[in-house]
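Heads up: the structure comes next, in structure tokens.
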Amino acid sequence: MAGYLFVHFTGEEKDGEQIYFSLSRDGLHWNDVNRGAPVLRSTIGTRGVRDPFPVRNPLDGKIYLIATDLRIEAGNGWEAAQERGSRSLIVWETKDLVHFDGPRSCEVGIAQAGCVWAPEAVFDRRENAFLVFFASMTKNGGNKGKHRIYASYTKDFREFTETFLYMERENHVIDTTILESGGRYYRISKDETEKRLILESSDSLTGMFTQIVSPVLAKLKGVEGPEGYLLPDGKTWCLIADRFEEGTGYLPMLTEDLSSGDFRILQPDRYDMGGTKKRHGGILQITDEEYERLEGACRAETVIA
């Protein structure tokens, strides 16, 4: 039967910028674990984390959890967060989703970066390593900064190759996720100026991406934190987006063909995001054993918090 783990934060309130878990069997109805309390806390850097993303190593099964080192609740404001923020990402790792090593801080931002936001990773089989990508505000010699997407390769989330520019657009670009389907990669990113999502595809992670016209995404404004995953039928993709401007949480959209750009927005009675407010996070498909172990550990209060 298997299931899904949703790793997320909840907002700028006290304890909101920590790591929360939710579980689902169908990818559409979510149950908060640990009674809706944080499962992991950052005790380093800014002592807060946002935009967590879990990824599994296909070679050994180890799971890494990476996140933005940022705590807006501290009161320094968004300007400081963008222009003078942490250049590191925060990392945990685990073999069983119950016992975690970490957190540890890994500096990946270039010297000119004012921040490292919303890190994600995808395994590149050509390089036999993870491509880790994230948004940074950089000036690159100009007076006005712009959010661009940078990237680096790693095999163990300890040592990273030299960071390079991965994506730049005319407008600011931040939250980005990459899905693989039918031998192609589909990149979904947030235009930070228009507050809309852009869908692109390529046959290579580091190749040229071509935009796919998507009427639904073009009309959907005030969203961020796109994440995608296959539902249990193995053919339907669920794309979720955080409606941050409305404050109404994640909106699921379905498609059987990412290359078409055609998405169906689900009606509210077709999904349930659970009790806690879910802000930008990531979703990992897990096994039955992992699901039951995590559920049991949270009931027994043995997950590290």
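The values are calculated or read from the model by the stated rules, or taken from the named source; none is laboratory data. Since this is a predicted model, take the numbers as computed values, not measurements. FYI the Cβ positions are ideal-geometry reconstructions off the backbone, even for glycines, and counts take in every protein chain you see. Ligands, DNA and RNA are stripped out before the accessible areas are found, and what is left, the full protein with its side chains, is counted by its heavy atoms. Shrake-Rupley method; radii C 1.70, N 1.55, O 1.52, S 1.80 Å.
With respect to Phe100, is the statement that it is in contact (Cβ under 8 Å) with a residue 12 or more places away in the chain and surrounded by 21 or more Cβ atoms within 10 Å (Cβ to Cβ) true? Let's see the steps before the verdict.
Details: in contact (Cβ under 8 Å) with a residue 12 or more places away in the chain: yes; surrounded by 21 or more Cβ atoms within 10 Å (Cβ to Cβ): no.
Spelling it out, it is not the case that Phe100 is in contact (Cβ under 8 Å) with a residue 12 or more places away in the chain and surrounded by 21 or more Cβ atoms within 10 Å (Cβ to Cβ).
Condition first: in a strand (DSSP E or B) and free of Cβ contacts under 8 Å to residues at least 24 places away in the same chain. Now tell me which residues in segment 50-68 satisfy that.
none
Of the conditions (1) of a type outside the set (Ser, Thr, Tyr); (2) open to solvent by less than 20 Å² (accessible area, probe 1.4 Å); (3) not in a loop (DSSP other than H, G, I, E, B), Gly16 satisfies every one except a single condition; which number is it?
If we test Gly16 against (1) of a type outside the set (Ser, Thr, Tyr); (2) open to solvent by less than 20 Å² (accessible area, probe 1.4 Å); (3) not in a loop (DSSP other than H, G, I, E, B), just (3) comes out false.
Restricting to segment 69-90, name every residue that is surrounded by fewer than 21 Cβ atoms within 10 Å (Cβ to Cβ) and either aliphatic (A, V, I, L, M) or without any contact (Cβ under 8 Å) to a residue 24 or more places away in the chain (or both).
Ile72, Ala74, Gly75, Asn76, Gly77, Trp78, Glu79, Ala80
Among the listed residues Asp203, Asp272, identify the single one that is open to solvent by 70 Å² or more (accessible area, probe 1.4 Å), at pLDDT 95 or above and closer than 30 Å to His99 by Cα.
Working: Asp203 fails: closer than 30 Å to His99 by Cα.
None of the others qualify; the one that does is Asp272.
How many residues does segment 24-36 contain that are buried (at least 17 other Cβ atoms within 10 Å of the Cβ) and either in a loop (DSSP other than H, G, I, E, B) or within 16 Å of the chain's Cα centre (by Cα) (or both)?
Of the residues in that region, 4 qualify.
Restricting segment 206-251 to residues that are surrounded by 15 or more Cβ atoms within 10 Å (Cβ to Cβ) and among the acidic types (Asp, Glu), which is farthest from Tyr271 (Cα to Cα)?
Once the filter is applied, the top-ranked residue is Glu224.
How about segment 112-130: which of its residues are open to solvent by 20 Å² or more (accessible area, probe 1.4 Å) and either part of a loop (DSSP other than H, G, I, E, B) or at pLDDT below 95 (or both)?
Listed by number, the residues that qualify are Gln112, Arg125, Arg126, Glu127, Asn128.
Tally the residues that are open to solvent by 20 Å² or more (accessible area, probe 1.4 Å), more than 20 Å from Lys62 (Cβ to Cβ) and either part of a loop (DSSP other than H, G, I, E, B) or in contact with a Leu (Cβ under 7 Å, 6 or more places away or on another chain) (or both), restricting the search to segment 275-292.
3
Strands (runs of 3 or more DSSP E) wholly in segment 194-271 with at least 1 residues that are of a type in the set (S, T, N, Q) - which ones? Steps first, please.
Details: elements: 196-202, 210-212, 224-230, 237-242, 250-255.
Counting at least 1 such residues, we get 196-202, 210-212, 250-255.
Suppose we filter segment 37-49 for residues that are over 24 Å from Lys190 (Cα atoms) and either open to solvent by less than 30 Å² (accessible area, probe 1.4 Å) or not in a loop (DSSP other than H, G, I, E, B) (or both); how many remain?
Keep residues of segment 37-49 that are over 24 Å from Lys190 (Cα atoms), which gives 37-47.
Keeping just the survivors that are either open to solvent by less than 30 Å² (accessible area, probe 1.4 Å) or not in a loop (DSSP other than H, G, I, E, B) (or both) gives 38-40, 42.
So the answer is 4.
Mind telling me which of the residues Glu192, Glu180, Glu159 ends up being at pLDDT 95 or above, open to solvent by 30 Å² or more (accessible area, probe 1.4 Å) and under 17 Å from the mean Cα position of the chain (by Cα)?
On the way: Glu192 fails: at pLDDT 95 or above; Glu159 fails: under 17 Å from the mean Cα position of the chain (by Cα).
Unique residue meeting the criteria: Glu180.
Give me the pairs, please: first residue somewhere in segment 220-248 and within 17 Å of Leu5 (Cβ to Cβ), second residue anywhere and open to solvent by less than 50 Å² (accessible area, probe 1.4 Å) and among the polar types (S, T, N, Q), beta-carbon distance under 6 Å, and either six or more positions apart or on two chains.
From residues that are within 17 Å of Leu5 (Cβ to Cβ), the pairs are Glu227/Thr177.
Would you confirm, using the coordinates I've provided, whether Thr255 is surrounded by 12 or more Cβ atoms within 10 Å (Cβ to Cβ) and out of contact with any helix residue (DSSP H, G or I) (no Cβ under 8 Å at 6 or more places or on another chain)? Let's see the steps before the verdict.
Values: surrounded by 12 or more Cβ atoms within 10 Å (Cβ to Cβ): yes; out of contact with any helix residue (DSSP H, G or I) (no Cβ under 8 Å at 6 or more places or on another chain): yes.
Yes.
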